[in-house]
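Down below is the structure, laid out as structure tokens.
The values are calculated or read from the model by the stated rules, or taken from the named source; none is laboratory data. Owing to the predicted nature of the structure, the values given are computational and were not obtained by experimental measurement. Quick reminder, even Gly has a Cβ in these numbers, built from the backbone with ideal geometry, and neighbours come from all protein chains shown. Remember, those area values only see protein heavy atoms, side chains included, never the ligands or the DNA or RNA. Shrake-Rupley method; radii C 1.70, N 1.55, O 1.52, S 1.80 Å.
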Amino acid sequence: MQAIKETKIHGNIDFPYASFSGRIPRQFREFPVHYHDFFEIIFIVKGTMKVVIERQEFFPQMSDIV
């Protein structure tokens, strides 16, 4: 599986920050494998999901932060 570099710019040069809320599978069936040059924090509100970071799989659950 090949990861795709995300090229979307989040925030701006002076304040490179953005916040998103997404529901899987309601809004997104899944998030494709991707990478980017910025820091990302995932907070699990409900349920569980699989997160792959540098080919290592994690299964965070409700209230976990990745």
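Taking a point 7 Å out from the Cα of residue 33 in the direction of its Cβ, the residues of the stretch 1-20 whose backbone N falls within less than 19 Å of it are 1-7. Mean separation of Cα pairs under 8 Å and 6 or more residues apart, divided by the residue count, gives the chain a relative contact order of 27 percent. Between residue 43 and residue 24, the simple label model (points 7 Å from Cα in the Cβ direction) yields a spacing of 1.8 nm.
Which trypsin sites (Lys or Arg not before Pro) does the chain hold that lie in a coil by DSSP with at most 13 other beta carbons within 10 Å?
Working: sites: 5, 8, 23, 26, 29, 46, 50, 55; in loops: 8, 23, 26, 29, 46, 50, 55.
Taking the chain and a limit of 13 other Cβ atoms within 10 Å, the loop trypsin sites (Lys or Arg not before Pro) found are 8, 23, 26, 29, 46, 50, 55.
For the stretch 4-66, the list of chymotrypsin sites (Phe, Trp or Tyr not before Pro) that fall in a loop by DSSP and count at most 14 other C-beta atoms within 10 angstrom reads 17, 20, 28, 38, 39. Computed over the chain, the percent of Cα pairs more than 15 Å apart is 61. Carbon-plus-sulfur accessible fraction, the chain (probe radius 1.4 Å, protein heavy atoms only): 56%. Rounded to the nearest 20, the size of the Cβ-charge dipole of the chain about its Cα centre is 360 debye, with Lys and Arg at +1 and Asp and Glu at -1.
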